[in-house]
């Protein structure tokens, strides 16, 4: 047994030492992703958390009307309740307010989703901050939990969660060393939301892309998923992915993510999460491009999962 452990340690150390040189020889980022996957496999970390049949890809796109491919490539239905349908106002218009949504409007959305056979629901509330002074956090936490109660009162079987929280997303603190003060602060902020984490049925962390740093994106994605599982390991984690860069940086905003980067995002989610919410802002059907690189990659991803033939 001792001898076996030494051999394993030597092999592992040799692999770790060789990885940087091996990676430097890769010609592109697609090859890097492939070789990283090989390294993970050799270290015994290659198995995804769920099977292909269990892994969900939800349709969170907002095309009007819906393009034919989105209805025929195995995507699962998902109902997202946005502020205009709950308050009659946009998120920016609601900034700084604490008014509860219209309970009857929420109930109608729940009934409509259930009537259409949709059992998963995401509620988009971004104007109630869950970080900052403790009094504000607690008050907003109570509001979030009340919204869950309202959904369950209308339909106890509806699986409900919130877009982006919990866990709280922190681009910088979540990627720091786990022993650092920054990471521990982020961890505590999330643990302060434990009551909400125990109340929702699923987590929907946002993993939208702000720049083309692939390594950083993977690191932050893994941190978000790991934190969600730390808060409640019984809940599935469905990550929001958007095939365009977030408009935060003018250099990238609105541009479609390169195909190899998008493939890396899909495969990272496949390995560590329970599913994906494929999201896009409202678009006309005429904007659909069946040969767009992101959709070509997504289509193959669905085929590989066995969702379509």
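Only the coordinates and a few stated rules stand behind these numbers; no lab work does. In this text the structure is predicted, and so the values were computed from the model without any measurement. Reconstructed Cβ throughout: ideal geometry from the backbone, glycine too, with neighbour counts over all protein chains shown.
Annotations
- For segment 61-81, the criterion of a residue being closer than 22 Å to residue 208 by Cβ, free of Cβ contacts under 8 Å to residues at least 12 places away in the same chain and under 23 Å from the mean Cα position of the chain (by Cα) is satisfied by at least one position.
- Lone unmet requirement of (1) without any contact (Cβ under 8 Å) to a residue 60 or more places away in the chain; (2) under 30 Å from residue 150 (Cα atoms) for residue 262: (2)
- Which numbered condition residue 245 misses (of (1) under 26 Å from residue 94 (Cβ atoms); (2) surrounded by 20 or more Cβ atoms within 10 Å (Cβ to Cβ); (3) touching a residue at least 40 places away in the same chain (Cβ under 8 Å)): (3)
- Subset of segment 271-291 (residues that are surrounded by fewer than 15 Cβ atoms within 10 Å (Cβ to Cβ) and part of a loop (DSSP other than H, G, I, E, B)): 289, 290, 291
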